[in-house]
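This report refers to the structure that appears directly beneath it.
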Amino acid sequence: MSSWIVAPILIPALTAPLLLLTRRAPNLQRRTSLAAVALLLVASIGVFMLATDGVVRSYRLGDWPAPFGIVLVLDRLSATMVLLTAVLASAVAIYASNGWDEKGHHFHPILQFQLMGINGAFLTGDVFNLFVFFEVMLIASYGLLLHGGGPRRLGAGFQYVAINLIGSTLFLFAVGLIYGVTGTLNMADLAGKVAQVPAADAALLRTGALLLFLVFAIKAALVPLHWWLPTAYAAAPAPSAALFAIMTKVGAYSIIRVFTLVFGPDAGFAANIAAPWIMPAALATLAIGAVGVLASRVLVDLVCFAIVWSMGSLLVAVALFDVTGLTAALYYTLHSTLIGAALFLLSDLIARRRGRWRDDLEPSPVMAQAPLMGALFFLAAIAMSGLPPLSGFIGKIMILDATRPSGAVGWIWAVVLATSLVVILGFSRAGTTLFWKSEAVAGEPEPMPQPARAMPVMAAAALVAGTVLLSLWAGPVTRHLEATARQLVDPRAYVEAVLGAPPQAQLSEPQP
């Protein structure tokens with residue numbers, strides 16, 4: 001059954017070149033892409049069910065033994081993230097297949113390459129291959145960002161590529177430093193060897209670890225490394241931006257994975273090296289994101305800053321690096337990914353129904369399907385801002401509860417609650433302007449109603465429904481995520497699954 005682990009990477013990897021061969025038959029290409037995404041969803045459900053027994057499984061490509069060969073690892077965390085990616089990809093593919101994919105060339109092949117990179121990042125057990133899959137994501141996301149063309153997207157794409165190339169360069173420096181002092185990049189092998197690094201090499205090890213954290217913080221849009229996200233995501237086509245909602249979570253996932261498995265409490269001179277930096281940066285991210293939400297005058301900009309704000313909330317919980325904090329962080333990851341993607345799709349649906357006003361936050365005549373759009377936006381807004389009874393409220397309560405033992409609990413609660421109020425005000429103002437002030441423009445002709453296409457609306461509604469399901473099934477979901485968090489803070493099973501040796505033999509005490 002371990003061979004199933006490679007399926008979430010193999011399916012999009014094989015589909016992408018096949019789609020390039022069908023570029024002259026767009027309908028066939030579209031149907032093939034949708035079928036591949038459906039197959040990916042089935043495979044992701046399969047590997048998720050496989051991981052629910054709590055056993056960590058590895059797949060050695062070419063049957064080379066670890067740590068010398070490439071290894072993929074399936075545990076509760078990677079299985080959960082792969083399933084989340086497949087669910088999001090299904091909604092994005094359906095939405096894009098109703099017109100957006102016709103605005104440029106090769107949308108579906110690039111989408112498949114993007115899915116390969118994302119799933120590879122979640123499943124790889126090697127730091128260097130994490131870098132490789134990061135680069136696959138970068139190249140594919142650049143293509144998705146530019147889909148449809150235009151000077152705005154070209155400018156945003158240049159900034160996006162520039163900051164990510166800097167991140168890639170820093171990633172290589174980090175990989176070189178860590179390999180130089182440990183002789184390995186396999187994460188399970190590193191879990192034992194970083195503790196054995198002699199004192200003379202401790203500075204190099206810590207530098208490599210902090211460079212890795214810097215790279216992951218860029219991906220996670222952690223302040224002050226967040227500035228690229230509002231520009232890039234706002235310029236991207238709606239389905240691309242919706243898929244990008246999982247991209248910031250790849251950064252958060254990498255922080256969780258590397259800094260619990262490799263640089264956790266048993267890492268000797270580099271033990272818990274990232275923890276002191278995450279909390280203050282996360283609180284600053286909350287503040288900047290909330291101010292951006294309130295200051296936005298365009299709906300898609302508001303959504304972009306809401307994504308930044310949600311990453312601050314998520315990383316507040318990650319910074320605790322304990323079972324309670326990681327459980328809250330993982331629940332909030334599921335919630336914020338689905339609702340962030342839904343808001344990007346809703347922004348596009350609303351803009352298409354408002355004529356020349358598009359998604360500007362100013363009064364306009366009544367849009368087509370205003371009651372339906374208003375209801376979906378209302379649900380998405382209360383979920384994102386953390387109002388009861390939806391998953392945003394549950395996730396926020398979990399985060400606040402997890403921070404109670406912290407010595408800075410007063411500051412944390414003050415920032416989280418104050419910024420939540422600001423975000424509520426920002427979404428309230430946007431909803432009021434879009435749906436309640438519609439009749440304030442007298443004498444203006446109504447926008448032309450868009451052709452009735454049910455599938456894009458259903459795709460956005462399905463993502464909104466995800467937050468409802470997370471609320472209704474909060475108990476079972478939380479229990480699964482708590483088991484996931486316990487697996488993360490105790491890496492012995494991971495090490496044993498990859499190296500095939502008793503974990504006690506691999507996780508040794510630090511050398512004096």
Checklist line | Which numbered condition Gly149 fails, given (1) surrounded by fewer than 17 Cβ atoms within 10 Å (Cβ to Cβ); (2) assigned to a helix (DSSP H, G or I); (3) modelled with pLDDT under 90 | finding: (2)
Notebook entry, point to check: Hey, among the residues in the stretch 152-183 that are of a type in the set (S, T, N, Q) and modelled with pLDDT of 90 or more, which one's most open to solvent (accessible area, probe 1.4 Å)?
Noted result: Thr169
Next item on the list: Only residues in the stretch 416-434 that are under 17 Å from Gly374 (Cα atoms) count as the first member; pair them with residues that are surrounded by fewer than 20 Cβ atoms within 10 Å (Cβ to Cβ) and of a type in the set (Gly, Ala, Ser), Cβ under 8 angstrom, at least 6 apart or cross-chain, and list the lot.
Entry: Gly431/Gly374; Leu434/Gly374
Check: Quick check: anything in the stretch 307-317 over 15 Å from the mean Cα position of the chain (by Cα) and either more than 25 Å from Leu83 (Cβ to Cβ) or in contact (Cβ under 8 Å) with a residue 40 or more places away in the chain (or both)?
Finding: yes
Notebook entry, point to check: Which one of Phe158, Phe134, Phe173, Phe216 is in contact (Cβ under 8 Å) with a residue 24 or more places away in the chain, more than 22 Å from Gly340 (Cα to Cα) and aromatic (Phe, Trp, Tyr)?
Noted result: Phe173
Notebook entry, point to check: Which members of the stretch 44-58 meet the condition of being free of Cβ contacts under 8 Å to residues at least 40 places away in the same chain, part of a helix (DSSP H, G or I) and over 20 Å from the mean Cα position of the chain (by Cα)?
Noted result: Met49, Ala51
Next item on the list: Kindly provide the set of residues from the stretch 113-134 that are part of a helix (DSSP H, G or I) and either open to solvent by 10 Å² or more (accessible area, probe 1.4 Å) or in contact with a strand residue (DSSP E or B) (Cβ under 9 Å, 6 or more places away or on another chain) (or both), ordered by number.
Entry: Phe113, Met116, Gly120, Leu123, Val127, Phe128, Asn129, Leu130, Phe131, Val132, Phe133
Notebook entry, point to check: Among the residues of the stretch 69-97, which ones are open to solvent by 10 Å² or more (accessible area, probe 1.4 Å), in a helix (DSSP H, G or I) and over 23 Å from Leu330 (Cβ atoms)?
Noted result: Ile94
Note to self: Going residue by residue through the stretch 330-353, is there one that turns out to be under 22 Å from Leu376 (Cα atoms), open to solvent by 10 Å² or more (accessible area, probe 1.4 Å) and not in a helix (DSSP H, G or I)?
What the structure shows: yes
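The values are calculated or read from the model by the stated rules, or taken from the named source; none is laboratory data. This is a predicted model, so every value here is computed, not measured. Please note: Cβ atoms are built from the backbone with ideal geometry, for glycine as well, and neighbour counts cover all protein chains shown. Please note that ligands, DNA and RNA were not included when accessible areas were found on the heavy atoms of the full protein model with its side chains. Shrake-Rupley method; radii C 1.70, N 1.55, O 1.52, S 1.80 Å.
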